[in-house]
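Input: a single structure, listed below in structure tokens.
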Amino acid sequence: MALDLKWLFSLQPFKEPVICHNCEKNFKAISDKQTCPGCGRLQDDQLPCKDCQRWSKMGEAALLGNRALYVYNEAMKSYMQRYKFNGDYQWRLIFQDNFSQFVTKSYCKNVLYVLIPVDQITYKTRGFNQVAGLLQNVKVSNLLAFKTTKAHIKQSTKTRQARMETAQPFKYCGKKRLTGQKVILIDDIYTTGRTLYHAKHVLQQNGASQVRSLTLAR
């Protein structure tokens, strides 16, 4: 395996790649210069996309300003099927380093990172929170929980309209209010934004001054 000069002079420990170049090139990275400012969608300009225009019309005075690392293309769909739905925990390692760096370098240090939770039944079946698995050496706060322990219909199985009509599933489980606190929500995929906006509302109702989000894919 060839080692580049940048690594040789970095004094960093060598890490064996967990994904080959041929597979890696199937994942399309997102550049901030070509995204919607509201959801992070890859596009030809930096104007709010139709989805985010709808959110504004629905009363969202401040959009999430979501930033994503990759496009949710066929390669990412296959990855999520294996990692998230089939529960292959080792596959977290494919994006763990990149996503962890993306999270920690995206915002200043005076923010609170909050994970989107999984319901208890899903956790017992899968054995892990897929978002937590994508992070390493990132201090996160688990301030959200599902209101009920009953099984939830997975968002991935719903139509777009059904997703948008999903009722508020979350409750706040922090020990104190978030008065004046800036919060960054972390999730795996931004699809319609419904889950993230529900989470945003709960955190704002409990004192958060600003809520934005980061996702692996959009």
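The values are calculated or read from the model by the stated rules, or taken from the named source; none is laboratory data. Predicted model, so just to flag it, every value in this text is computed and none were measured. Because the Cβ atoms are built from the backbone with ideal geometry, glycine has one as well, and the counts that use them run over all protein chains shown.
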Original post:
What is the number of the single condition among (1) closer than 30 Å to Val71 by Cβ; (2) touching a helix residue (DSSP H, G or I) at 6+ places or on another chain (Cβ under 7 Å) that Ala167 does not meet?
Top reply: (2)
Subject >> Scope the range 198-210; condition on the phi < 0 side of the Ramachandran plot and in contact (Cβ under 8 Å) with a residue 24 or more places away in the chain; matching residues >> reply: His198, Ala199, Lys200, His201, Val202, Leu203, Gln205, Asn206, Ala208, Ser209, Gln210
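Please go through the range 53-73 and give me each residue that is in contact (Cβ under 8 Å) with a residue 40 or more places away in the chain and not basic (Lys, Arg), ordered by number.
Step one: of the range 53-73, the residues in contact (Cβ under 8 Å) with a residue 40 or more places away in the chain are 55, 60, 62, 64-73.
Within the range 53-73, Trp55, Glu60, Ala62, Leu64, Gly65, Asn66, Ala68, Leu69, Tyr70, Val71, Tyr72, Asn73 meet the criteria.
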Original post:
Do you know which of the residues in the range 33-70 that are over 16 Å from the mean Cα position of the chain (by Cα) and of a type in the set (D, E, K, R) is farthest from Lys182 (Cα to Cα)?
Top reply: Asp44
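Can you tell me how many residues in the range 163-197 are part of a strand (DSSP E or B) and either on the phi > 0 side of the Ramachandran plot or out of contact with any Lys or Arg (no Cβ under 9 Å at 6 or more places or on another chain) (or both)? Break it down into steps so the answer makes sense when it comes.
Start the filter on the range 163-197 by keeping residues that are part of a strand (DSSP E or B), which leaves 170-172, 182-189.
Keeping just the survivors that are either on the phi > 0 side of the Ramachandran plot or out of contact with any Lys or Arg (no Cβ under 9 Å at 6 or more places or on another chain) (or both) gives 172, 186-187.
Number of matching residues: 3.
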Original post:
So, in the range 147-198, of the ones that are modelled with pLDDT under 95 and of a type in the set (Ser, Thr, Tyr), which residue ends up surrounded by the most Cβ atoms within 10 Å (Cβ to Cβ)?
Top reply: Thr166
